[in-house]
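None of the figures in this text is laboratory data; all of them are computed from the coordinates on show. The structure presented is a predicted model; accordingly, all values stated were derived computationally and were not measured. For neighbour counting, all protein chains shown are included, and Cβ atoms are generated from backbone atoms with ideal geometry for every residue, glycine included.
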């Protein structure tokens, strides 16, 4: 791969810096301020030395001390702008880009717990009054047709963007099963693909107005039957048709956590014009297979690799990252231990791989 050329005013030409692979780490943002600020140690002592240069921090409508939506104050807890600014400033000095995330549309509940957004604004629930205790569903969704949804969510996005002084934002949007539901007076009978695309476009338009790069999980844009991925890593409820209706400058975080002979979504997203950030989890064999397929199918739109954690405190994750090769898994350790081993093994490889990296 030849380096790009930078044209100087004098007419001379020098090689420009080559695109740098995106080596990312995704984690839930701790709600306890002390634990939250332990992320500084995780970054400086664990992630940066392995080549990680981007950190996605996932929040819910409950896990940040939001000030922009007074109705959420009874539910919102956790860190606020002060801690966010401190961490963001620290990470920038370390060369690590912080990208906040707020799950949009889906994941508005977990198990029996409905998050504050739908408690404070029950009128934007996609299934109002249905599924008491969230029994019989995976997660609740907010209504993609209700203007109130965007009025509130945009304020939360803006607050997180400002708190972290971020230039990019992850809107989530994975595993959306409740969309166009028969119990929603605004969405009933409508095409799920159109509803999903409209939500993506509205979120994109808002972030574009802030000059921010939008990232999202890509699973709802994939046809679960045609790809063979099924209903979790892809969609079987019709949202996949949105892929041809949305802007192409969105970064697609393409997650797959199990070993496969090939990952067709890598080609699909690039051929459609999207930049792709493949995302893995705890399985070393799966990560290796995904990375190899990413290399084989890489075009200039292949960014690198995003390592996800889905649990573990900053202290636990740092312990897993710092343990020497061959270290025995501590008794009672959760998936965070396996995640740490995966990142330790593969992140340095991604950071040095010339097959990855795309310009903004």
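Some points to look at:
- GNM result for the chain, Cα springs below 10 Å: residue of 254, 219, 293 fluctuating most strongly: 293
- Springs between Cα atoms under 10 Å define the GNM used for the chain, and in it the highest mean-square fluctuation of 289, 84, 327 occurs at 327.
- Take every pair of alpha-carbon atoms less than 8 Å apart whose residues are at least six positions apart; their mean separation over the length of the chain yields a relative contact order of 18 percent.
- Whole-number percent relative contact order across the stretch 109-196, with pairs defined as alpha carbons under 8 Å at least 6 apart: 30 percent
- Ordering 356, 154, 121 by the number of other Cβ atoms within 10 Å of each residue's own Cβ, fewest first, gives 154, 121, 356.
- The chain: most fluctuating residue of 99, 56, 246 per GNM, C-alpha cutoff 10 Å: 246
- Relative contact order of the stretch 211-320, defined on C-alpha pairs under 8 angstrom at six or more residues apart (%): 22 percent
- Span from the the stretch 227-261 Cα centroid across to the the stretch 66-109 one, whole angstrom: 26 Å
- Think of it as helices only: each DSSP H run of n ≥ 4 in the chain is worth -39500 (n - 2.57), and spread over all residues that comes to -9500 deg cm²/dmol at 222 nm.
- Residue 68/residue 327 FRET efficiency (R0 45 Å; Cβ-Cβ; nearest 0.05): 0.55
- Distance histogram in 20 Å bins (all Cα pairs of the chain, percent per bin): 29, 60, 11, 0
- Tilt relative to the chain, helix 335-351 - C-alpha long axis, 0 to 90 degrees, to 10: 50 degrees
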